[in-house]
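This report concerns only the one structure given below.
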Amino acid sequence: MIYREAGQFKSSYGADQAIFPILQDRIAVAIMLAIAVVVIPLVAGPYWLETILVPFLVFSMAAIGLNLLTGYCGQLSLGTGGFMACGAFFAYKLSTAFPELHIVLVFLLSGLGTAFVGILFGIPSLRIKGFYLAVATLAAQFFLVWMFNKFPWWNNYSPSGVISAPPRAVFGDFYLTGTQATPEIKYLFLLAFVSVMALLAKNLTRSRIGRSWMAIRDMDIAAEIIGIRPLFAKLSAFAISSFYIGISGALWAFVYTGSVEALAFDINRSFQVLFMIIVGGLGSILGSFLGAAFIVLMPIFLSNAPAALGLHISVELVSHMEFMIFGALIIFFLIVEPSGLARLWQIGKEKLRLWPFPY
Amino acid sequence: MPIRTISIWMTGVPLAIAAIGFFFSFLASLSPSFYFTWPYFLEVLSAGLLQGVMYSLVALGFVLIFKASSVFNFAQGSMVLFAALTMVGLIEMGLHWTLAFVVTAAVMVLLAIVIERVVLRPMVNQPHIIMFMATIGIFYFLDGFGQTIWGSNVKVLDIGIPKDPIFVLTGLVEGGMLVNSFDLVAAIVGAVLVAVLAVFFQYTRIGRALRAVADDHQAAQSVGIPLKTIWVVVWSVAGIVALVAGIMWGGKAGVQFTLALIALKALPVLILGGFTSIPGAIVGGLIIGAGEQVAEVFLGSLVGGAIQDWFAYMLALVVLLFRPQGLFGEKIIERV
């Protein structure tokens, strides 16, 4: 009844190609953004902001990056953790070597640096495909983490091997990193930054380059025959994906945790992000957000559920049970909806269109 | 394998080893800090080869499943852990190890049936990446399940394999070569396992059916081979291979959570040898084991050590650039 586009006529190609072509969608997005910007910082306590919303936004960024590569270009990568480490350590070296550099610029530059590393490790993708490539990207994962761990130059010869983000302000007195930073500023900054980057990613996938990625994903030989250069398409996917993942790594180290060591970006981090895009939906920007929310929220839910139910289980057992339930849920999700949460959302919208009639 | 391939390998491998040895002795003549003697080199090499057998044992399970169902089974590592944990648990309950072995094998068969029923059957015809993710789900589940039942303490799995270092080839090399007898036993067990599998695949009815399925799913199904049964059989065989690997690794390093992560070491073995080749898993394991040991001992100190973490992957990556299907994998033919 409410959610119908009847009577909304489009008189230009621009209107027809809009991201949200239906008026109700635009209103809903505007309301959601208003809630995210105004209501949530007022309502949510520091716990919610620090441990749920900030990592959610950081992970969304990483998930968008991996989704560009795996979901849109079809190149399975298990090196996400390594590229996140790249971003974090590049940002650390940049911000300590050039203290007057603006923090946003630091993030973008470290993303650029990671993009170069991504191109380097993406070169094998021109010859290797499928699971062979996935295992080959593990080389990036292990090599990069080893490099940041072994050479003390990367952490400015700190004896513990931990890097701590120096205090930096977005502008004036609004500190984003360091001890003076408040959760509200972190959240609002991330919200703005990630939203802009997500919008960019969305538009990228709707453009010529995004379509060439999808052609490569669907069948690379056929794509080559219709005139898409696999070299350019694959390497650009690796570069842009690594750019996003690198920035998310820098955000992780600087905004979310504040101090981090190389081993925090181990293989489990890669799997975590991969789970996000699979659960959320391959080839969907919205899915990256949904998947990130799911994977961030679920462990918190699982570890609090027994206590809330009044059960007293030892911490060790809880962590094992968490593993079990996590694995079982992943399998359950894949069986029920292999196309992810984004697909469920789409089905929901289709149903809503016809509501209250069955068809 | 054709005789030509075998003869190429028979001549190529000693030549390659000699070439690497001469390269190192050349480096040693350049700088005095670079320690190199031939007996030491051979000792490191043999230790690496024996380590490689252990990798092969894990990689074997991957290959079996990939051949029969094109599923890239990431859970092989956690199957190794689960099998080892179950076996240790049963021994601690007072069973003799042979009995425990039989019971654990039965558990692994049961596990295969459950996996086929619950995970594989509802997901037929899904893209490979989705199946791969499902096996990561199994990986997490088995990890948690095994440790929920049997606890997460480091356990000792001892079935009476001697662990003393022994000297071999004392006549050939001055002072002999130091080899761990446990590794030797592991190598023998690995060889026996491969021989048994080869006979099983070559001469039994089920083995022929398995090869048919590996060759072409649809054709196999159309001549009446029950695909579902075959999947259960192949996951069971992979489970039993995991059990043998678990006993060997558990006896060597203790049964603990990190055992599940040896799967990560088996992956470069796989891509080096090719996902679809059993000899590939063996040769790949030997190359990776020997390569990473030699690199760690002779080159690791030059760049800061602990290069074992990634050397295997880099080695596999370089090989892949020249042979995208691995050393023994089936040639990839692509059509539009």
Within straight cross-link reach of A:LYS351, meaning Cα distance under 18 Å, which aspartates and glutamates are found once same-chain residues fewer than 8 apart are removed? A:GLU5, A:ASP25, A:GLU337
For peptide A:316-327, compute the average count of partner chain beta-carbon atoms within 10 Å of each residue's beta-carbon. 6
How many angstrom lie between the C-alpha centres of region B:20-90 and region A:147-205? 40 Å
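Would you mind calculating the gained length between B:ILE166 and B:ARG335 on full extension (0.36 nm times residue separation, minus the Cα-Cα distance), in nm to one decimal?
Stretched out fully, the B:ILE166 to B:ARG335 stretch lengthens by 55.4 nm.
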Say R0 is 22 Å: what FRET efficiency, to the nearest 0.05, do B:SER29 and B:ILE3 get from their beta-carbon distance? 0.05
Rounded, prolate or oblate, given the Cα gyration tensor of chain A, with a/c below 1.5 counting as rounded? rounded
Given B:59-72, A:22-35, the highest-first ranking by average Cβ count within 10 Å works out to B:59-72, A:22-35
So, R0 is 25 Å and r is the distance between the beta-carbons of A:SER160 and A:ALA97; what FRET efficiency does that work out to, to 0.05? 0.80
Quick calc, A:LEU33 & B:LEU42: beta-carbon distance into FRET formula, R0 51 Å, rounding 0.05, result 0.15
Alpha carbon centre of region B:220-250 versus region A:301-336: separation in Å? 29 Å
Nearest 10 degrees, 0 to 90: what angle lies between the long axis of helix B:308-322 and the longest principal axis of chain B (Cα atoms)? 80 degrees
Pull up the cross-link candidates among the lysines for B:LYS331, meaning alpha carbon to alpha carbon under 29 Å and not fewer than 8 places away within one chain. A:LYS129, A:LYS234, B:LYS67, B:LYS228, B:LYS265
Quick check on the exposure proxy: order B:GLU43, A:GLU224, A:GLU350 from fewest to most C-beta atoms within 10 angstrom. A:GLU350, A:GLU224, B:GLU43
Cα shape, region B:44-322, gyration tensor, a/c 1.5 rule: prolate
Residue mean of other protein chain beta carbons inside 10 Å, A:141-152: 4
For every other residue with a beta carbon closer than 13 angstrom to the beta carbon of A:SER158, add +1 if it is Lys or Arg and -1 if Asp or Glu, then tell me the sum. 0
Place a point 7 Å from Cα of B:LEU302 in the direction of its Cβ. Which residues in region B:35-70 have their backbone N less than 12 Å from it? B:35
Counting other beta carbons within 10 Å of each residue's own, what order do A:SER236, A:SER12 fall into, fewest first? A:SER12, A:SER236
Expected sort for A:ASP220, A:ASP266, B:ASP215 with the fewest Cβ neighbours (10 Å cutoff) up front is B:ASP215, A:ASP266, A:ASP220
Treating cross-link reach as a plain straight distance, find the lysines whose alpha-carbon is under 30 Å from the alpha-carbon of A:LYS349, omitting any fewer than eight places away in the same chain. A:LYS10, A:LYS202
Quick one: helix B:76-92 against the long Cα principal axis of chain B, what's the angle to the nearest 10°, folded into 0 to 90? 90 degrees
Quick one: grab the alpha carbon gyration tensor of region A:262-303, order the square roots of its eigenvalues as a ≥ b ≥ c, and give me rounded if a/c is under 1.5, else prolate or oblate depending on whether a/b is larger than b/c. oblate
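Where a number appears in this text, it was derived from the coordinates with a stated rule and is not lab data. Bear in mind the structure is a predicted one, so any value in this text is a computation, not a measurement. Neighbour counts run over all protein chains shown; Cβ positions are idealised from the backbone, glycine included.
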